[in-house]
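Novice: Before I ask anything, let me first share the structure, which is written out below as structure tokens.
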């Protein structure tokens, strides 16, 4: 009878803990982590290349910045509710270290549809860069871009100062966004990849 109780206890423990274990080995989990990091670096480089194509002067600004962050974001707006989620990374130009991050927001607004866009932050100094990474930064800024088209010129300078020492570029499929809104968006470290 004593052995039966032990077997039942072990069986219950196995059932309970099986929900927490997906059967992957440490090697497989490590490989997935590396692949996810590589994908974020690749996507970040693609985002920067898009930015440089739309605003060639941005490359010089980025090279002189203390660091930058790139994010890809998908937003869904369903009648009165909107939600956005994305992934990205911050890169320290001085040390070369990447910090992998997530972003998300939700709110109320009238509309229907899905939007896909990318964001690039430029950080002028160490204090604003580290604040962005370590404080789980929350953006409460909204800004409109001024762009020159047609006979007045073809140049777009899309950098928006959203906080002292922080500039933002927001890119859509058509180029730099005419309006850069990041209000109510939270950015935080991805604990699974760092």
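Novice: Between residue 25 and residue 163, how high is the FRET efficiency from 1/(1 + (r/R0)^6) when r is the Cβ-Cβ distance and R₀ = 35 Å? Nearest 0.05.
Specialist: For residue 25 and residue 163, the calculated efficiency is 0.20.
Novice: Please give the contour-minus-distance gain from residue 125 to residue 74: 0.36 nm per residue of separation, less the Cα-Cα distance, rounded to one decimal in nm.
Specialist: So the chain would gain 15.5 nm between residue 125 and residue 74.
Novice: How far, in nm, would the chain grow between residue 57 and residue 95 when pulled straight, counting 0.36 nm per residue and subtracting the alpha carbon separation?
Specialist: That works out to 11.4 nm of additional length.
Novice: If you don't mind, another one. Between residue 172 and residue 39, take the C-beta separation as r, use R0 = 22 Å, and let me know the FRET efficiency to the nearest 0.05.
Specialist: Plugging the Cβ-Cβ distance into 1/(1 + (r/R0)^6) gives 0.55.
Quick note: the coordinates plus some simple rules give every number you see, no bench work behind them. The structure presented is a predicted model; accordingly, all values stated were derived computationally and were not measured. Note that we place each Cβ from the backbone using ideal geometry, even for glycine, and neighbour counts take in every protein chain shown.
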